[in-house]
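The values are calculated or read from the model by the stated rules, or taken from the named source; none is laboratory data. Nothing here was measured: the structure is a model prediction, and the numbers come from that model. No Cβ is skipped: glycine too gets one built from the backbone with ideal geometry, and neighbour counts run over all protein chains shown.
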Amino acid sequence: MYAQMIKTARAGIKTRDEMSDLERDFQDKIDRDIKIEPRDWMPDDYRATLIRQIGQHAHSEVVGQLPEGNWITRAPTLERKAILLAKVQDEAGHGLYLYSAAETLGESRDELTRLLHEGKMKYSSIFNYPTLNWADMGAVGWLVDGAAIVNQVALQRTSYGPYARAMVRICKEESFHARQGYHAMMKMAFGTPEQKAMAQSALDRLWFPSIMMFGPSDAESTHSEQSMAWKIKVKSNDELRQQYIDQTVPQIEYLGLDLPDPSLKWNEETGHYDYGEPDWSEFFDVIKGNGPCNVDRLRNRVKAWEDGAWVRDGLMAHARKKAAAKVAAQ
Amino acid sequence: MTQVDQNALTQFLLRLGDNTLVLGHRVSEWCGHSPVLEEDIALANTALDLIGQTQLWLGLAAEVKGNDSSADKLAFLRDAWDFRNVLLVELPNGDFGQTLMRQFLFDAWQSIMLGRLIKSSDPRIAAIAEKVSKEVTYHVERSSGTVVGLGDGTDESHARMQVALDYLYPYVGEMFLSDDTDAAMVQAGIAPDPSSLRAEYDALVGKVMAEATLVIPDRAYTHKGGRTGYMHTEHLGHILTSMQWLQRTYPGAEW
Ligand SMILES: [Fe+2]
Ligand SMILES: [Fe+2]
């Protein structure tokens with residue numbers, strides 16, 4: 001997901017007896033689905049876990065500008081260019097809301113940015129894959145935003161109020177992106193043979209990385225339990241992945257593209273699609289920084305930040321001068 | 001409406017549409033690379049507005065031109081010599097300061113031009129001008145604000161903005177040159193003589209540069225050749241190479 005493999009700041013769950021009074025009240029609130037708000041008391045580990053998750057989510061939106069930004073200057077029509085620009089602009093906006101949500105927990109955007117740039121925080125593994133042909137722009141909207149929605153619709157019920165509310169706002173835009181992406185994909189899949197080949201290539205390359213966005217299977221996911229109890233996480237990785245696959249396979253069939261995984265088959269008994277396991281060693285490689293684009297993506301962000309230092313300093317200096325002049329005039 | 005030579009009208013519309021297309025392309029190159037997240041958003045928004053304006057201007061140019069022309073065909077299937085944008089908008093982004101200085105120098109001209117085009121005798125042009133003038137007013141507020149902030153910021157930002165102004169200013173004059181196309185527009189009441197915008201432009205730019213503590217170069221020469229198509233810079237060909245690549249490689253495909 002946009003936030004993957006979030007280490008809960010605590011291992012294991014405390015029993016009610018082990019909790020302090022404050023902790024018990026806090027857990028009761030969560031159990032009764034009362035949202036936690038910034039001024040409410042919260043366990044330090046809850047705060048730390050949320051900062052990691054929201055921060056990683058924000059970074060994903062920001063870094064996510066790059067693979068799509070890669071095609072803006074080559075978009076094939078004015079309308080496609082406008083749609084792509086609007087989408088990338090939305091993603092940057094999502095980054096902004098999420099950094100603001102993290103700020104309500106006492107963590108500044110500058111600090112989170114520093115951690116990202118120093119490699120101490122991550123962003124979603126999906127953005128470490130390259131976008132190689134125009135159909136990738138359709139496929140990213142359809143598959144990547146589509147996967148994000150599945151997770152984020154669940155997160156609208158997350159226990160931290162500002163995060164839940166940010167999700168509601170963001171989900172509306174993500175749904176729009178996914179629809180537009182699928183529409184672009186239809187044009188490609190139903191277009192010339194070359195366009196169809198681009199569509200197939202995009203699907204084949206992005207399928208497994210997309211289903212890996214939900215993180216490793218529940219059996220291997222060690223950090224989920226406490227996050228589930230705190231309702232930072234609302235559904236398990238496997239549940240979300242299955243939901244996503246079930247909704248996406250018929251869409252692939254409608255496009256008339258070959259299934260990207262030969263194991264994808266409807267299972268009458270379970271009422272779900274069976275699917276092949278992604279190559280998790282690849283996932284862990286990408287998470288560790290060894291994906292196809294990790295180094296370049298991060299370098300680009302760091303370069304943008306460093307090259308922009310004089311701009312930020314200049315504008316701050318001007319704002320201080322103006323403030324001083326205003327005081328002097330009073 | 002006075003009868004106007006349709007070729008001249010097409011040329012005039014291409015000038016407007018190519019300016020916004022090429023500048024929109026340049027601004028969009030910043031996506032994901034700007035100094036702060038708010039600027040990523042603002043630059044994407046500016047590029048988006050410019051591409052939207054391009055659809056309107058080139059759409060009308062295609063309508064006037066006829067022969068199943070379209071905004072997309074004009075954008076993606078003409079070669080460099082048929083482009084009619086001023087040279088200013090095809091210049092490279094340089095640093096953020098150069099990009100914003102270029103933006104302001106263009107926004108200032110465009111905001112004044114649109115104010116006149118709202119009164120165009122051609123209702124289609126008047127309607128487009130009316131429609132986009134609000135966003136252009138916002139662009140000029142933003143770009144002038146940034147030019148002032150960086151010009152009157154730190155020593156470094158001041159120095160960089162002065163370098164940007166010195167580099168770009170010789171391209172400003174082209175926006176105010178007049179030729180037969182302009183004369184035909186003036187005669188038909190479609191558009192003002194470009195030179196008639198200069199005083200207002202100088203006043204606006206002068207005020208902003210004074211506030212930005214920047215010095216306008218007093219060189220008299222001006223680079224030209226974009227709006228006539230006689231001689232673009234070397235940069236345009238590279239812009240078109242990426243912009244038109246898909247349309248050129250897969251002719252006739254629908255996207
Ligand atoms: Fe997003
Ligand atoms: Fe999105």
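Among the conditions (1) at pLDDT 95 or above; (2) within 25 Å of A:ALA154 (Cβ to Cβ), the only one that A:GLY215 does not satisfy is (1). Cβ-Cβ contacts under 9 Å between residues 6 or more apart (or on different chains), taken from a first residue in the range A:93-108 that is without any contact (Cβ under 8 Å) to a residue 24 or more places away in the chain to a second residue that is away from ligand 2 (no atom under 16 Å from the Cβ) and of a type in the set (Gly, Ala, Ser), are listed as A:SER108/A:ALA102. Taking A:TYR97 as the residue in question, decide whether it is among the aromatic types (Phe, Trp, Tyr), within 13 Å of ligand 2 (Cβ to nearest atom) and surrounded by fewer than 24 Cβ atoms within 10 Å (Cβ to Cβ). Considered against the rule, which asks whether it is among the aromatic types (Phe, Trp, Tyr), within 13 Å of ligand 2 (Cβ to nearest atom) and surrounded by fewer than 24 Cβ atoms within 10 Å (Cβ to Cβ), A:TYR97 comes out as yes.
In this structure, does A:MET5 turn out to be assigned to a loop (DSSP other than H, G, I, E, B) and either over 27 Å from A:ASP238 (Cα atoms) or of a type in the set (S, T, N, Q) (or both)?
On the way: assigned to a loop (DSSP other than H, G, I, E, B): yes; either over 27 Å from A:ASP238 (Cα atoms) or of a type in the set (S, T, N, Q) (or both): no.
So A:MET5 fails the test.
Just so you know, in the range A:178-208 the residues that are more than 14 Å from chain B (Cβ to nearest Cβ) and within 16 Å of ligand 2 (Cβ to nearest atom) include one that is nearest to the chain's Cα centre (by Cα), and it is A:ALA178.
A:ILE245 meets all of the listed conditions (1) closer than 23 Å to A:TYR46 by Cβ; (2) in contact (Cβ under 8 Å) with a residue 24 or more places away in the chain but one, namely (1).
Per-residue answers, yes or no, for (1) away from ligand 2 (no atom under 16 Å from the Cβ); (2) closer than 24 Å to A:PRO216 by Cα; (3) among the aliphatic types (A, V, I, L, M); (4) at pLDDT below 95:
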residue: A:GLY64; (1), (2), (3), (4): no, yes, no, no
residue: A:GLU68; (1), (2), (3), (4): no, no, no, no
residue: A:GLU79; (1), (2), (3), (4): yes, no, no, no
residue: A:VAL88; (1), (2), (3), (4): no, no, yes, no
residue: A:SER108; (1), (2), (3), (4): yes, no, no, no
residue: A:ASN128; (1), (2), (3), (4): yes, yes, no, no
residue: A:THR131; (1), (2), (3), (4): no, yes, no, no
residue: A:GLY141; (1), (2), (3), (4): no, yes, no, no
residue: A:ALA154; (1), (2), (3), (4): yes, yes, yes, yes
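Within the range B:133-148, residues that are surrounded by fewer than 16 Cβ atoms within 10 Å (Cβ to Cβ) have Cβ atoms under 7 Å from residues that are among the hydroxyl-bearing types (Ser, Thr, Tyr) in these pairs: B:THR137/B:SER111, counting only partners at least 6 apart in sequence or on another chain.
For residues that are within 13 Å of chain A (Cβ to nearest Cβ) and in contact (Cβ under 8 Å) with a residue 24 or more places away in the chain, scanning just the range B:60-77, find the one that is farthest from the chain's Cα centre (by Cα). Even if it seems obvious, please write down each step before you answer.
Our first condition is that a residue be within 13 Å of chain A (Cβ to nearest Cβ); within the range B:60-77, this holds for B:61-62, B:70-77.
Restricting the remaining residues to those that are in contact (Cβ under 8 Å) with a residue 24 or more places away in the chain gives B:61, B:71-72, B:74-77.
Numbers: B:ALA61: 16, B:ALA71: 17, B:ASP72: 18, B:LEU74: 16, B:ALA75: 15, B:PHE76: 18, B:LEU77: 20 Å.
Only one residue tops the list, namely B:LEU77.
Picking from residues in the range A:143-175 that are hydrophobic (A, V, I, L, M, F, W, C) and more than 14 Å from ligand 1 (Cβ to nearest atom), the one that is nearest to the other protein chains (Cβ to nearest Cβ) is A:ALA164.
Counting only residues that are small (Gly, Ala, Ser) and within 9 Å of chain B (Cβ to nearest Cβ), which one in the range A:59-74 is farthest from A:MET167 (Cα to Cα)? Before the answer, list the steps.
Within the range A:59-74, the subset small (Gly, Ala, Ser) is A:60, A:64, A:69.
Then keep just the ones that are within 9 Å of chain B (Cβ to nearest Cβ); that gives A:64, A:69.
Working: A:GLY64: 17, A:GLY69: 23 Å.
In this case the residue turns out to be A:GLY69.
Residues to consider are B:MET101, B:MET113; find the one that is within 14 Å of chain A (Cβ to nearest Cβ), over 17 Å from B:ASN45 (Cβ atoms) and of a type in the set (A, V, I, L, M).
B:MET101
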